[in-house]
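S.K.: The structure follows.
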Amino acid sequence: MNDLPVWAVRLREERQSREWSLKDMARRLIDAAGGRTREHLPTQESLTRMVRAWEAGKHRPNEPYPALLAQIFEVPERELFANPPNADELVMPSEGIFIRKAPDGDDMERRRLLQIAAASAGIGIFGVSGEPVRQLLELSLDHGFRSGEEWEISAADHLHALRTRPPAQVAADLIIDLLTVRRQMEVSSPAEVTELQRTLAVLSSIHANALTRLGDHGAAVRWWRTGRSAADVSGDREVRLLVRSEEAGHGLYGQRAPETVMRLVGNAEQVAGGLSVDLLTTRAKALSLLGRHAEARETLDAVVELTEKGDRGDSLGFWKENQIYFTQSWVHAGAGDEARAGTARENVLRLTGDYQYQANVALHEALCTVVQGAIDEGVRRAATVIDPLPVAYRSNHIIETGRMLLRAIPLDQQDRPAVGEFREVLSTKVAT
């Protein structure tokens, strides 16, 4: 308590002496506000978190809250806030912005925002988005935390971005939200923290996905681990399974050996308590990479059987129907079954606008051609898929699928000129 600002201690004592809960105090603040002011106040849930942050000395109340607090406590404002805030200003003339310096406990927040600025500069977004400035402004409003529904919408937005935008942009945006989750957890109740752990697990999984697409496998593996830990703490079985399924599936793109992916699938099935569509599609692709084509086709049959029984993957938007057809395209192409691979490819293109799926099923077609023996035709077809892609969209998932085609070429055919030309296409820098 001695380390807290005097005003933070006073706010807590005034509330507790009246035997008000944090929610009671938030409701009274809303009731005390006039009509016009009330329209601009956050929800009672957000205001409860703000009260908790004030009493922890993390944020000094800004307008209109000092006057409202004085009103509900029936204490003069100058007495309630005996120590005036530091009136120094943080001046940013290049942006034409003047932000009042944050007092007391907000020093920690300013340091975090400087970290955001440094991280943003490293990925090239600071000058464009002004994200550190936005967060400073958000702090001055004592707002910025999100409800469970708002976090679900944020996760859906990041998933949509993964399917439509360059992975580097997705990763940059995710870092900002991950920092926000952490800050919200620090001032939330135990029950709220449990829900935020669920959010953290989902966002960590999406971030690991983006890092895998960027080819940053070491960082991706660490984020998968963070996602698993957060999911386990949340106790949400669906999220625990989701993170493990995603980790196994994306491990196929050069991140892990197929044997390791099979092991991850087995571990995830223990969490699931049995088979799942998502895990079976990953198993089928891993078996295909191992050259166990008959087993891969048998696994595809099990996928169809589960789907017919109503298994539709997760409820969070990660799993899509097109993933079944994508797996069929992968497995049949690897086995050289052009007719079945072609049908699956058509279904993928019918169901999705995901640029990575579109590129990869086209590469599956080229792979099938190579497996059938038409090596030059296959690698040239693959080159026409990858070469036109802007570097920002040339993800590791696409490049690694091209490498899968290279590995299907017999050793005594690897020195063919067309193969060398395709190898040069693949050597182009992966999206960053």
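S.K.: For segment 209-236, give me each residue that is over 18 Å from ILE399 (Cβ atoms), in contact with a helix residue (DSSP H, G or I) (Cβ under 7 Å, 6 or more places away or on another chain) and in a helix (DSSP H, G or I).
M.R.: Hits for segment 209-236 are TRP223, TRP224, THR226, GLY227, ARG228, ALA230, ALA231, ASP232, VAL233, SER234.
S.K.: Could you say whether any residue in segment 339-349 is closer than 23 Å to ARG407 by Cβ, within 27 Å of the chain's Cα centre (by Cα) and surrounded by fewer than 21 Cβ atoms within 10 Å (Cβ to Cβ)?
M.R.: No, the conditions are met nowhere in segment 339-349.
S.K.: Only one of GLY336, GLY317, GLY342 is among the small types (Gly, Ala, Ser) and not in a loop (DSSP other than H, G, I, E, B). Can you tell me which? Can you show your working first?
M.R.: Values: GLY336 fails: not in a loop (DSSP other than H, G, I, E, B); GLY317 fails: not in a loop (DSSP other than H, G, I, E, B).
Going through GLY336, GLY317, GLY342 in turn, just one is among the small types (Gly, Ala, Ser) and not in a loop (DSSP other than H, G, I, E, B): GLY342.
S.K.: Find the helices (runs of 4 or more DSSP H) located wholly in segment 29-81 whose residues include 2 or more that are loosely packed, with under 14 Cβ neighbours inside 10 Å and not hydroxyl-bearing (Ser, Thr, Tyr), and list them.
M.R.: Values: elements: 35-39, 44-55, 65-73, 77-80.
In segment 29-81, 35-39, 77-80 are the helices (runs of 4 or more DSSP H) which contain 2 or more residues that are loosely packed, with under 14 Cβ neighbours inside 10 Å and not hydroxyl-bearing (Ser, Thr, Tyr).
S.K.: Out of everything in segment 355-395 that is surrounded by fewer than 21 Cβ atoms within 10 Å (Cβ to Cβ) and charged (D, E, K, R), what residue ends up being nearest to VAL331 (Cα to Cα)?
M.R.: GLU365
S.K.: Moving on to the next point. Would you check which residues across segment 1-50 are over 37 Å from the mean Cα position of the chain (by Cα) and of a type in the set (S, T, N, Q) and list them?
M.R.: Answer for segment 1-50, where residues must be over 37 Å from the mean Cα position of the chain (by Cα) and of a type in the set (S, T, N, Q): ASN2, GLN16, SER17.
S.K.: Within segment 396-413, restricting attention to residues that are part of a helix (DSSP H, G or I) and without any contact (Cβ under 8 Å) to a residue 60 or more places away in the chain, which residue is farthest from GLN328 (Cα to Cα)? Step through it out loud before you land on a result.
M.R.: Step one: filter segment 396-413 for residues part of a helix (DSSP H, G or I), giving 396-407, 411-413.
Restricting the remaining residues to those that are without any contact (Cβ under 8 Å) to a residue 60 or more places away in the chain gives 398, 402, 405-407, 411-413.
Working: ILE398: 17, GLY402: 17, LEU405: 16, LEU406: 20, ARG407: 19, LEU411: 26, ASP412: 29, GLN413: 27 Å.
Looking at residues that are part of a helix (DSSP H, G or I) and without any contact (Cβ under 8 Å) to a residue 60 or more places away in the chain, I get ASP412.
S.K.: Just to be sure before I move on: is THR260 modelled with pLDDT of 95 or more and either more than 17 Å from the chain's Cα centre (by Cα) or not in a helix (DSSP H, G or I) (or both) in the structure I sent? Walk me through how you get there before you give the answer.
M.R.: Numbers: modelled with pLDDT of 95 or more: yes; either more than 17 Å from the chain's Cα centre (by Cα) or not in a helix (DSSP H, G or I) (or both): yes.
Answer is yes for this residue.
S.K.: Determine which member of the set THR327, THR307 is buried (at least 24 other Cβ atoms within 10 Å of the Cβ) and hydroxyl-bearing (Ser, Thr, Tyr).
M.R.: On the way: THR307 fails: buried (at least 24 other Cβ atoms within 10 Å of the Cβ).
After applying the criteria, what remains is THR327.
S.K.: Within segment 346-367, can one find any residue that is outside any helix (DSSP H, G or I), at pLDDT 95 or above and either within 28 Å of ARG292 (Cα to Cα) or small (Gly, Ala, Ser) (or both)?
M.R.: Initially, segment 346-367 is screened for residues outside any helix (DSSP H, G or I), giving 352-354.
Then drop every residue that is not at pLDDT 95 or above, which leaves none.
No, the conditions are met nowhere in segment 346-367.
S.K.: Also: On the basis of being among the polar types (S, T, N, Q) and buried (at least 16 other Cβ atoms within 10 Å of the Cβ), does SER21 make the cut? If you could, list the steps in order and put the result at the bottom.
M.R.: On the way: among the polar types (S, T, N, Q): yes; buried (at least 16 other Cβ atoms within 10 Å of the Cβ): no.
No: the conditions fail for SER21.
S.K.: Looking at this structure, is ALA335 aliphatic (A, V, I, L, M) and surrounded by fewer than 16 Cβ atoms within 10 Å (Cβ to Cβ)? Talk me through it step by step, then tell me what you get.
M.R.: Details: aliphatic (A, V, I, L, M): yes; surrounded by fewer than 16 Cβ atoms within 10 Å (Cβ to Cβ): no.
When the stated conditions are applied, ALA335 does not pass them.
S.K.: Suppose we filter segment 155-179 for residues that are under 15 Å from LEU196 (Cβ atoms), in contact (Cβ under 8 Å) with a residue 40 or more places away in the chain and buried (at least 19 other Cβ atoms within 10 Å of the Cβ); how many remain?
M.R.: Here is the first cut: in segment 155-179, the ones under 15 Å from LEU196 (Cβ atoms) are 155, 177-179.
Still in the running and in contact (Cβ under 8 Å) with a residue 40 or more places away in the chain: 155, 179.
Now restrict to residues that are buried (at least 19 other Cβ atoms within 10 Å of the Cβ): 155.
Within segment 155-179, residues that are under 15 Å from LEU196 (Cβ atoms), in contact (Cβ under 8 Å) with a residue 40 or more places away in the chain and buried (at least 19 other Cβ atoms within 10 Å of the Cβ) number 1.
S.K.: Do you know which residues across segment 207-219 are more than 9 Å from GLU247 (Cβ to Cβ) and buried (at least 24 other Cβ atoms within 10 Å of the Cβ)?
M.R.: Taking segment 207-219 and keeping what is more than 9 Å from GLU247 (Cβ to Cβ), we get 207, 209-219.
Across segment 207-219, the qualifying residues are HIS207, ASN209, ALA210, LEU211, THR212, ARG213.
S.K.: Let me ask something else about it. Does LYS320 count as without any contact (Cβ under 8 Å) to a residue 40 or more places away in the chain, within 22 Å of ARG163 (Cβ to Cβ) and of a type outside the set (A, V, I, L, M, F, W, C)? Reasoning before the result, please.
M.R.: Details: without any contact (Cβ under 8 Å) to a residue 40 or more places away in the chain: yes; within 22 Å of ARG163 (Cβ to Cβ): yes; of a type outside the set (A, V, I, L, M, F, W, C): yes.
Judged against the criteria, LYS320 is a match.
S.K.: Name the single residue that is farthest from the chain's Cα centre (by Cα) among those in segment 51-91 being among the β-branched types (Val, Ile, Thr) and at pLDDT 80 or above. Walk me through it before giving the result.
M.R.: First pass over segment 51-91, keeping only residues among the β-branched types (Val, Ile, Thr): 51, 72, 75, 91.
The next check asks that each one be at pLDDT 80 or above; those that pass are 51, 72, 75.
Working: VAL51: 29, ILE72: 41, VAL75: 46 Å.
Ranking the qualifying residues of segment 51-91, first place goes to VAL75.
S.K.: Sticking with this structure for a sec: Using the structure shown, decide if GLN184 is in a helix (DSSP H, G or I), touching a residue at least 40 places away in the same chain (Cβ under 8 Å), surrounded by fewer than 24 Cβ atoms within 10 Å (Cβ to Cβ) and polar (S, T, N, Q). Give the derivation first.
M.R.: Values: in a helix (DSSP H, G or I): yes; touching a residue at least 40 places away in the same chain (Cβ under 8 Å): yes; surrounded by fewer than 24 Cβ atoms within 10 Å (Cβ to Cβ): yes; polar (S, T, N, Q): yes.
Yes: the conditions hold for GLN184.
S.K.: Follow-up question, since we're still on this one. When you scan segment 224-233, do you find a residue that is in contact (Cβ under 8 Å) with a residue 24 or more places away in the chain, in contact with a Lys or Arg (Cβ under 7 Å, 6 or more places away or on another chain) and crowded, with 19+ Cβ neighbours inside 10 Å, even just one?
M.R.: The answer is yes, given that some residue of segment 224-233 is in contact (Cβ under 8 Å) with a residue 24 or more places away in the chain, in contact with a Lys or Arg (Cβ under 7 Å, 6 or more places away or on another chain) and crowded, with 19+ Cβ neighbours inside 10 Å.
S.K.: Quickly run through segment 251-281 and pick out the residues that are under 23 Å from LYS309 (Cα atoms) and touching a residue at least 40 places away in the same chain (Cβ under 8 Å).
M.R.: Of everything in segment 251-281, those that are under 23 Å from LYS309 (Cα atoms) and touching a residue at least 40 places away in the same chain (Cβ under 8 Å) turn out to be VAL277, ASP278, THR281.
The values are calculated or read from the model by the stated rules, or taken from the named source; none is laboratory data. The shown structure was predicted, so the numbers you read here are calculated from the model rather than taken from an experiment. Here Cβ is always computed from backbone atoms with ideal geometry, including for glycine, and neighbour counts include all displayed protein chains.
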